[in-house]
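Below: one structure, written as structure tokens.
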Amino acid sequence: MRNRAGVVLAVAVGVLLLVAVVAAVLSATRPGPQLTEGSPEAAVRDYVAAVVEGDREAAAARLDPEGPCTEEDLRLVGEPSDGRIVLRDVELDGAEATVRVDVVHDGEGPFGAGEWRDELRFDLRRDGEHWVVTGEPWPMYGCQAPRPAP
């Protein structure tokens with residue numbers, strides 16, 4: 001009787017492990033949320049992706065042309081650390097929007113944690129048909145580059 005109970009337990013544990021592995025694979029390969037093109041959150045996604053990929057020109061194209069930051073400011077900041085971006089929320093107020101995201105960093109956090117988060121806030125305004133990032137957005141904190149002459 002003991003052997004039969006051991007076999008049943010081993011099969012049950014094996015099935016649970018298989019289900020856990022399948023769930024982990026599906027979770028890791030699942031695409032992120034589908035964002036509506038032309039939305040504020042899509043503009044932030046495109047800006048952050050360009051910054052992380054090192055495409056300063058594409059990132060600068062998402063900045064407010066009347067704002068304080070330029071492509072040169074983006075070149076002056078270091079390379080951002082790796083992490084994944086998680087959309088927290090979006091607030092719309094007419095032609096203005098605020099998008100909050102978390103940057104989730106894997107590895108050793110500041111207090112030895114395996115994962116840590118930075119909350120980022122992006123302010124945007126509608127510029128014609130597009131949303132542009134205003135102010136001094138991540139990873140810039142204090143834009144100092146001179147603006148190019150018109």
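The values are calculated or read from the model by the stated rules, or taken from the named source; none is laboratory data. Note that the coordinates shown come from a computational prediction; the quantities given were computed from them, not determined experimentally. All Cβ positions, glycine included, derive from the backbone under ideal geometry; neighbour counts span all protein chains shown. These accessible areas exclude ligands, DNA and RNA; they are computed on the full protein's heavy atoms, side chains included. Shrake-Rupley method; radii C 1.70, N 1.55, O 1.52, S 1.80 Å.
When the test is whether a residue is modelled with pLDDT under 90 and surrounded by 11 or more Cβ atoms within 10 Å (Cβ to Cβ), ASP118 passes it. Looking at the range 94-109, which of the residues that are open to solvent by 50 Å² or more (accessible area, probe 1.4 Å) and in a strand (DSSP E or B) is modelled with the lowest pLDDT? Per the criteria, the residue is ASP106. The residues on offer are GLU91, GLU41, GLU72, GLU66, and the sole one that is among the charged types (D, E, K, R) and part of a loop (DSSP other than H, G, I, E, B) is GLU66.
Put simply, of ARG62, ARG84 the only residue that is at pLDDT 70 or above, under 22 Å from VAL103 (Cα atoms), open to solvent by 80 Å² or more (accessible area, probe 1.4 Å) and out of contact with any Lys or Arg (no Cβ under 7 Å at 6 or more places or on another chain) is ARG84.
Quick check on ASP73: is it in contact with a Ser or Thr (Cβ under 6 Å, 6 or more places away or on another chain) and charged (D, E, K, R)? Judged against the criteria, ASP73 is not a match. GLY112 falls short on exactly one of the conditions (1) exposed (fewer than 15 other Cβ atoms within 10 Å of the Cβ); (2) at pLDDT 75 or above; (3) small (Gly, Ala, Ser), and that condition is (2). LEU35 - would you say it is at pLDDT below 75, open to solvent by 90 Å² or more (accessible area, probe 1.4 Å), more than 13 Å from VAL133 (Cα to Cα) and not polar (S, T, N, Q)? Answer is no for this residue. Note on the range 65-81: residues that are within 18 Å of GLU53 (Cα to Cα) and surrounded by fewer than 11 Cβ atoms within 10 Å (Cβ to Cβ) amount to 2.
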